[in-house]
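Asker: Before we start, here is the structure in question, set down as structure tokens.
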Amino acid sequence: MERKEAIEKLKKLVGKELHALAGKYNVTIYRNGKVNKGWAGHIFERYLEIPINSAQSPNFGSWELKSIPLRYKKNGELTFKETMAVTMIDPINVCQKEFEESHLLAKLRKAVVITRIVGDSVDEPTKIHSVVEFDLHGKLYNAVKDDYDLVRQTLLDPQKGFDALTGKMGYYIQPRTKGSGHGSTTRAFYARPRFLKEFIKI
């Protein structure tokens with residue numbers, strides 16, 4: 001399915017409640033007593049009638065589908081609940097590839113992002129807020145490239161390397177531990193809220 005067609009179809013879901021869609025498309029919210037973390041994304045993939053996919057290349061060849069949660073603060077202001085995971089950091093791959101050939105750019109350049117308003121728990125109503133598309137160019141492109149190059153230079157530096165990657169790095173895109181925090185040996189690129197705000201109006 002082409003990106004434009006998918007966006008038009010996904011926009012028909014704006015305002016709909018996700019739990020009802022989970023039942024309609026036979027997506028389980030809980031698995032083995034634990035929350036199925038990818039349940040929201042699985043709904044959208046089933047809705048678009050495409051295979052569930054977690055590969056590093058964009059899931060639909062030329063574009064990538066992402067889903068991120070929004071929440072209301074106590075003062076009623078809508079905000080991003082968390083940063084958005086973009087792609088895993090494979091140190092060998094990052095060292096070998098310039099930004100122009102990177103998984104990070106491939107994922108971000110043509111991303112379609114679905115935002116959903118969530119409550120304090122997965123059992124509370126979840127309403128689809130918006131569907132937006134990312135398109136990196138100009139100053140934003142250059143700034144994300146700088147963030148990638150910082151990670152790459154750190155990996156290439158024999159005095160630093162993979163263990164030196166920290167969530168404090170990067171203005172728009174940060175390299176951060178993926179998984180259960182302390183002790184985790186994996187890292188991923190995450191888009192900070194300031195990057196998301198470039199495209200998502202809340």
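Asker: Kindly check whether there is at least one residue in region 150-160 that is over 19 Å from PRO193 (Cβ atoms), in contact with a Lys or Arg (Cβ under 9 Å, 6 or more places away or on another chain) and surrounded by fewer than 16 Cβ atoms within 10 Å (Cβ to Cβ).
Answerer: Yes.
Asker: Suppose we filter region 34-85 for residues that are surrounded by 15 or more Cβ atoms within 10 Å (Cβ to Cβ), modelled with pLDDT under 90 and in a loop (DSSP other than H, G, I, E, B); how many remain?
Answerer: Number satisfying all stated conditions: 5.
Asker: Does region 104-129 hold any residues that are under 15 Å from the mean Cα position of the chain (by Cα) and of a type outside the set (Val, Ile, Thr), and which are they?
Answerer: LEU104, LEU105, ALA106, LYS107, LEU108, ARG109, LYS110, ALA111, ARG116
Asker: Going through region 86-125 one residue at a time, which ones are modelled with pLDDT of 95 or more and among the polar types (S, T, N, Q)?
Answerer: Correct list: ASN93, GLN96, SER102, THR115.
Asker: When only residues in region 157-178 that are touching a strand residue (DSSP E or B) at 6+ places or on another chain (Cβ under 9 Å) and part of a loop (DSSP other than H, G, I, E, B) count, which is modelled with the lowest pLDDT? Steps first, please.
Answerer: Residues of region 157-178 touching a strand residue (DSSP E or B) at 6+ places or on another chain (Cβ under 9 Å): 162, 165-170, 172-178.
Keeping just the survivors that are part of a loop (DSSP other than H, G, I, E, B) gives 165-170, 172, 178.
On the way: LEU165: 95, THR166: 94, GLY167: 93, LYS168: 96, MET169: 97, GLY170: 98, TYR172: 98, LYS178: 75.
Among those residues, the one meeting the criterion is LYS178.
Asker: From the list GLU133, GLU100, exactly one residue is within 14 Å of the chain's Cα centre (by Cα) and of a type in the set (Asp, Glu). Which is it?
Answerer: Of GLU133, GLU100, the one residue that is within 14 Å of the chain's Cα centre (by Cα) and of a type in the set (Asp, Glu) is GLU133.
Asker: Filter region 98-139 down to the residues that are part of a loop (DSSP other than H, G, I, E, B), touching a Leu at 6+ places or on another chain (Cβ under 8 Å) and aliphatic (A, V, I, L, M) and list them by number.
Answerer: VAL118, LEU136, listed by residue number.
Asker: So ARG187 passes all but one of these: (1) under 30 Å from GLU17 (Cα atoms); (2) modelled with pLDDT under 95; (3) within 18 Å of the chain's Cα centre (by Cα). Which condition number does it fail?
Answerer: The number of the failed condition is (1).
Asker: Under 8 Å by Cβ, and 6 or more places apart or on different chains, what pairs join a residue from region 115-137 that is under 27 Å from GLU100 (Cβ atoms) with one that is part of a loop (DSSP other than H, G, I, E, B)?
Answerer: Listed by first residue and then by second, the contacts come to VAL132/PHE199; VAL132/ILE200; GLU133/LYS110; GLU133/PHE199; PHE134/LYS110; PHE134/PHE199; ASP135/LYS110.
The values are calculated or read from the model by the stated rules, or taken from the named source; none is laboratory data. This structure is a prediction, so every number in the text was calculated from the model and none was measured. With ideal geometry, Cβ positions are generated from the backbone for all residues, glycine too; neighbour counts draw on all protein chains shown.
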